[in-house]
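Just below is one structure, and these are the notes that go with it.
The values are calculated or read from the model by the stated rules, or taken from the named source; none is laboratory data. Here the structure is a predicted model, which means the values were calculated and not measured. Backbone-built Cβ (ideal geometry, glycine too); neighbour counts: all protein chains shown.
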Amino acid sequence: MLHILNFETTWESLSRLVGWTYFVCWSVSFYPQVILNWRRKSVVGLSFDFLCLNFWGFSCYAVYNVALYTSPDVQRQYRERYGTDPLVQLNDVFFGVHAVIITAITLYQTTIYRNGGQKVSLWSWIFIIATSFAALVLGLASAAGGIATLDVIYYLSYVKMAVTLIKYTPQAYLNYQLKSTAGWSIGNIALDLTGGLLSDLQLLIDAYLTGDWSSVTGNPVKFSLGVISIIFDLLFITQHYVLYRDTRTHDELVAAEAGEWKPLLSGSADAETPVASSSLA
């Protein structure tokens, strides 16, 4: 019996260690981009669609984690549905809130640094507004007793998963158009990849300890977030180290973006119009 208790305690300690390690990796992963923007005094080469989608996605993720971790009503509904407590750790809550703050700072940088005249596409705005409106409707329905609060929280988690599915695509396509990853921090990717692997590892350890693998399906956003991030991180690593190893200088990148760049999710005349070089001064 003592051996079993020691075994479980060891795995529980490992889960906490893995959880806080992935929290540190994912949290720190935001900073290389912020520092790169500050050093270059430019956000040329960084997709604004990615930034806006990222902010909205992490806002949903933060609410999702905070609700599952702190709300007795949501926790009760979760137990009634799955027969166990939600596998949301304190590090998940800290990560979500921190991500919202640091992505907001990165968005602010786009307003004060050289940006090449880039604009957020119409399609990104449509996605953000439509999913926000749906969240509002579901929230009102929950307040009226029409649906469970847990379902509203799950909706936000699905929005986060949808954002994760699409948010990297504009950045990957921008790198392809510019034939360069300049302006996009590879340090961010290395830390993000490590965090994604550890995030899924913690979830699997927790499921093993409880003996209930429905805990993985009961927390789909965390597992899917890790898997999707890993796939795109590998793509960005390939772009940086294999496809576009001869990185352009900042001036060459500005010129390329001004004369050639069009957003993948174009939706307005302004977004598709090349920017004159003089407007970048």
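Among residues of the range 161-173 being modelled with pLDDT of 90 or more and in contact with a Leu (Cβ under 7 Å, 6 or more places away or on another chain), the one that is surrounded by the most Cβ atoms within 10 Å (Cβ to Cβ) is Val163. Candidates in the range 24-53 are the residues that are more than 16 Å from Thr111 (Cβ to Cβ) and of a type in the set (S, T, N, Q); of these, the one that is surrounded by the most Cβ atoms within 10 Å (Cβ to Cβ) is Ser29. Considered as a group, the residues in the range 24-62 that are assigned to a loop (DSSP other than H, G, I, E, B) and either acidic (Asp, Glu) or touching a strand residue (DSSP E or B) at 6+ places or on another chain (Cβ under 8 Å) (or both) include one that is nearest to Thr181 (Cα to Cα), and that residue is Val44.
Does at least one position in the range 43-59 carry a residue that is more than 26 Å from Tyr244 (Cβ to Cβ) and of a type in the set (Ser, Thr, Tyr)? Yes, some residue in the range 43-59 is more than 26 Å from Tyr244 (Cβ to Cβ) and of a type in the set (Ser, Thr, Tyr). The single condition from (1) modelled with pLDDT under 95; (2) touching a helix residue (DSSP H, G or I) at 6+ places or on another chain (Cβ under 9 Å) that Leu51 fails is (1). I'm told Thr149 meets every condition in (1) closer than 22 Å to Ser59 by Cβ; (2) more than 22 Å from the chain's Cα centre (by Cα); (3) surrounded by fewer than 17 Cβ atoms within 10 Å (Cβ to Cβ); (4) in contact (Cβ under 8 Å) with a residue 24 or more places away in the chain except one. Can you identify the failing condition by its number? Condition (3) is where Thr149 drops out.
Among the conditions (1) under 30 Å from Gln118 (Cα atoms); (2) of a type in the set (A, V, I, L, M); (3) touching a Pro at 6+ places or on another chain (Cβ under 8 Å), the only one that Leu46 does not satisfy is (3). Between a residue in the range 201-213 that is closer than 14 Å to Tyr22 by Cα and any residue that is surrounded by 17 or more Cβ atoms within 10 Å (Cβ to Cβ) and at pLDDT 80 or above, which pairs come within a Cβ distance under 6 Å, given they are 6 or more apart or on different chains? Qualifying pairs under 6 Å: Leu201/Val18; Gln202/Ser15; Gln202/Val18; Gln202/Gly19; Ile205/Ser15.
Here is a yes/no grid of residues against (1) acidic (Asp, Glu); (2) touching a strand residue (DSSP E or B) at 6+ places or on another chain (Cβ under 9 Å); (3) surrounded by 13 or more Cβ atoms within 10 Å (Cβ to Cβ); (4) modelled with pLDDT of 75 or more:
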| site | (1), (2), (3), (4) |
| --- | --- |
| Asp200 | yes, no, yes, yes |
| Gly218 | no, no, yes, no |
| Leu225 | no, no, yes, no |
| Ser229 | no, no, yes, yes |
| Leu243 | no, no, yes, yes |
| Thr249 | no, no, no, no |
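Here is a yes/no grid of residues against (1) assigned to a helix (DSSP H, G or I); (2) under 30 Å from Gln239 (Cα atoms); (3) among the basic types (Lys, Arg):
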{"position": "Ser132", "(1), (2), (3)": "yes, no, no"}
{"position": "Val137", "(1), (2), (3)": "yes, no, no"}
{"position": "Leu140", "(1), (2), (3)": "yes, no, no"}
{"position": "Gly146", "(1), (2), (3)": "no, no, no"}
{"position": "Leu150", "(1), (2), (3)": "yes, no, no"}
{"position": "Leu156", "(1), (2), (3)": "yes, no, no"}
{"position": "Met161", "(1), (2), (3)": "yes, yes, no"}
{"position": "Tyr168", "(1), (2), (3)": "yes, yes, no"}
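When the criteria are applied in full, Val88 meets the requirement of being outside any helix (DSSP H, G or I) and not small (Gly, Ala, Ser). Whether any residue in the range 93-108 is free of Cβ contacts under 8 Å to residues at least 24 places away in the same chain, surrounded by fewer than 19 Cβ atoms within 10 Å (Cβ to Cβ) and part of a helix (DSSP H, G or I) is what I want to check. Yes, that holds for at least one residue.
So is Gln75 farther than 22 Å from Asn188 by Cβ and assigned to a helix (DSSP H, G or I) or not? Taking the combined requirement at face value, the residue satisfies it.
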